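Every number here is computed from the coordinates shown, using simple stated rules; none is lab data. In this text the structure is predicted, and so the values were computed from the model without any measurement. Here the Cβ positions follow ideal geometry from the backbone for every residue, glycine too, while neighbour counts run over all protein chains shown.
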Amino acid sequence: MLKNNSVLTEGALLLAFFTVLLLVAVYVPIIGIAASLILPLPLMLFSSKYSLRNSLFVFLGSLILGFIVGGPIALPIAFAVGSTALVMGWGIRNHWNKMRIFMAATFALLINIVLGFVSSIALLGVNMVEESLNESRDTYTSLFNGLGQETDQALKESMNDSIDLIQTLTPAMFLGIAAATALLFIWVNFPLLKKLGVTVPAFKPFRKWVLPKSILWYYLIVLIVPIFAQPEEGTYLFNAVMNVLYVLQTLLAVQGLSFLYFLGHHKGWSKGILILLTIISIPLLYLVRILGIIDLGFNLRQRLQRKS
């Protein structure tokens, strides 16, 4: 009974903390950004210490309180963040490594993003991506017209092509947003959990990040498919190939940047040089991606270590 009362008390306190953070995140403009980053902390803390059954009850309570206090706007945020925090806390409780927790959190966030996107179309008839892109195009055109310059046909075609490309890459964009958000949640909340007495896993140093070599085969297949299939623009196959290609190219760029950090550590470069290399690599992602391909295909790290 004493143990149950302790769990109930802690759950109630963390629920109250979650509700306050949720209100600040939704209704307070600037401070809300910081509140949204630590919003997963209460449910993550609870689910890392107690059973899944108890954690689900607390999660349900967070949805009810979020809706009562914050209204319909707060409910989807509470569901997305709460479910992700539940997954991350459960991973900590079961001693998952940090990369596995990151992947699980990314998957949970991706499902929530897709659900929100589909729900907005089904219930409200609003395509958020299309609406925002059209607004951006209208704003850009109005800006040119306001400066007394008409938008020429070539510029219009370029803008339309860019909008079509972004719409095609919407799934990959959703994945990128989910991964970046999951990484932020880990970066902000894991040190706080550690201070609260929770044992959290750690990432390997970035210089030791190595992708599986099968990524190269996937990349090769995705490059070959359009040559033989020749999918038309706008078809399902075309969109699938473009999104998978974009994701694989991003992973290979990360691999290349990781090799640069490995090389910097191997050569004894300072952190300032590594930061400068990271900044320079942003406009040179094509070269960084090629470096990642060479690193994976020819085991550059092992060769460097053997020469040492």
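Local charge for residue 258 was computed over the other residues whose Cβ lies under 14 Å away, with Lys and Arg +1 and Asp and Glu -1, and equals +4.
Look at the alpha carbon pairs under 8 Å that are at least 6 residues apart: their mean separation over the length of the chain gives a relative contact order of 14 percent. Spatially, the stretch 93-125 and the stretch 200-255 are offset by 20 Å when compared through their Cα centroids. Note on the stretch 206-307: dipole from Cβ charges, positive end direction compared against 294, 251, 269; the farthest Cα belongs to 269.
Quick one: net charge of residue 274's neighbours, Cβ under 14 Å, K/R +1, D/E -1? It would help to have the intermediate numbers written out before the result.
Numbers: positive: 207, 267, 271; negative: none.
Spelling it out: positives minus negatives among the neighbours equals +3.
Ordering 209, 240, 225 by the projection of their Cα atoms onto the charge dipole of the stretch 206-307, which places +1 on the Cβ of Lys and Arg and -1 on the Cβ of Asp and Glu, puts 209 at the extreme positive end.
Magnitude of the Cβ-charge dipole of the stretch 206-307, K/R +1 and D/E -1, about the Cα centre, nearest 20 debye? Walk me through the numbers on the way to the answer.
On the way: 10 positive and 3 negative charges, 178 e Å.
Dipole of the stretch 206-307, to the nearest 20 debye: 860 debye.
Which is the longest run of the chain containing none of the GluC sites (Glu not before Pro) found in DSSP loop states (not H, G, I, E, B) with at most 12 other C-beta atoms within 10 Å? Between the exposed loop sites, the longest stretch runs 1-149.
Work through the residues other than residue 294 whose Cβ is under 14 Å from its Cβ and net out their charges, Lys, Arg +1 and Asp, Glu -1. Spell out each step's value before the answer.
On the way: positive: 213, 289, 301, 303; negative: 295.
My count for the surroundings of residue 294 gives +3.
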